[in-house]
Every structure is written in C-alpha cells, then in structure tokens.
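Worksheet for the structure shown next.
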Amino acid sequence: MIAAGLLRERFTFQQRAPKALPGDKHGTPVDDWVDVFTAAARLLPLRRGEAVIAARLEGVQPCILTIRSHTQARLIATDWRCVDARKGTVYNIRTVEHAPDRSTIDLLIEAGGASG
C-alpha cells in the first residue's frame, strides 16, 4: 500500500471515443479523447539506463506513474492516455502493471512523441 502523502500529483485518464460526426473530408472517422476519471498519483521520472537515455534523445521523457487500484483504474490499457491535471502535459501509456497485492497500479508513461 502506498502512503497518501506520496500521491501528490493529479492525473486525468482518458480513453479514445468516436465522435458522432461522419468523419473528416476523406471519410476517416474523427476520434476524440474523453475523460474517464481523475486520480491522485506519484510521478517518478526515469533518469538512468540506456533505453531511458535513447528515449530522451528522441524527445520523450519516460516516467513511472503509480495510482491506487480501483474498479475504473483496472480498465486502463495502453490505448489510453493520461494528462497532468495541473500542468496539462499529455502522457502516452506504454505499459500497465498491477502490484501483486492489487493495491496499486504502475504505469510506464511517456511525455512527447507520437500518441498511441
């Protein structure tokens, strides 16, 4: 269990949902991001390792985001994204890992780069 005092950040989790529009000028369906829930979180930027340095050279910042597990949080998948509710920074979710006791969820997220 993670202490409440460590969950100092607020993140809004979003899922892609199709709009009720016919599509763009080429007929491609137009997607939009819809807020699913907001949660307190701990954000730890990754700073070491060869893969981290390579990612930073590509203009992305990998981080580990930890949130408490609950019904909605267990639905998070890699096709979702999260947004820092205070700063507005958009992060792509790369991996989702549940703690063995299912009390928390760790997400590998990246700021910058192409969205999933």
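The values are calculated or read from the model by the stated rules, or taken from the named source; none is laboratory data. Quantities reported herein were computed from a predicted structural model and do not represent experimental measurements. Note: ideal-geometry Cβ built from the backbone for every residue, glycine included; neighbour counts use all protein chains shown.
For the range 66-89, give me the residue count where each residue is aliphatic (A, V, I, L, M) and loosely packed, with under 11 Cβ neighbours inside 10 Å.
So the count comes out to 1.
So, Ile76, is that one of a type in the set (A, V, I, L, M, F, W, C) and touching a residue at least 24 places away in the same chain (Cβ under 8 Å) or not?
Criteria met by Ile76.
Among the residues of the range 94-112, is there at least one that is touching a strand residue (DSSP E or B) at 6+ places or on another chain (Cβ under 9 Å), of a type in the set (Gly, Ala, Ser), touching a residue at least 40 places away in the same chain (Cβ under 8 Å) and on the phi > 0 side of the Ramachandran plot?
yes
Could you tell me which numbered condition Met1 fails, if it satisfies all but one of (1) modelled with pLDDT under 95; (2) out of contact with any Ser or Thr (no Cβ under 6 Å at 6 or more places or on another chain); (3) not small (Gly, Ala, Ser)?
Unmet for Met1, out of (1) modelled with pLDDT under 95; (2) out of contact with any Ser or Thr (no Cβ under 6 Å at 6 or more places or on another chain); (3) not small (Gly, Ala, Ser): (2).
Residue by residue, here is whether (1) surrounded by 13 or more Cβ atoms within 10 Å (Cβ to Cβ); (2) at pLDDT 90 or above; (3) part of a helix (DSSP H, G or I) holds:
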residue: Thr12; (1), (2), (3): yes, yes, no
residue: Pro22; (1), (2), (3): no, no, no
residue: Arg48; (1), (2), (3): no, no, no
residue: Val52; (1), (2), (3): yes, no, yes
residue: Ile64; (1), (2), (3): yes, yes, no
residue: Tyr91; (1), (2), (3): yes, yes, no
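Out of the residues in the range 66-86 that are in a loop (DSSP other than H, G, I, E, B) and within 10 Å of Phe11 (Cβ to Cβ), which is nearest to the chain's Cα centre (by Cα)?
Top of the filtered list is Ala85.
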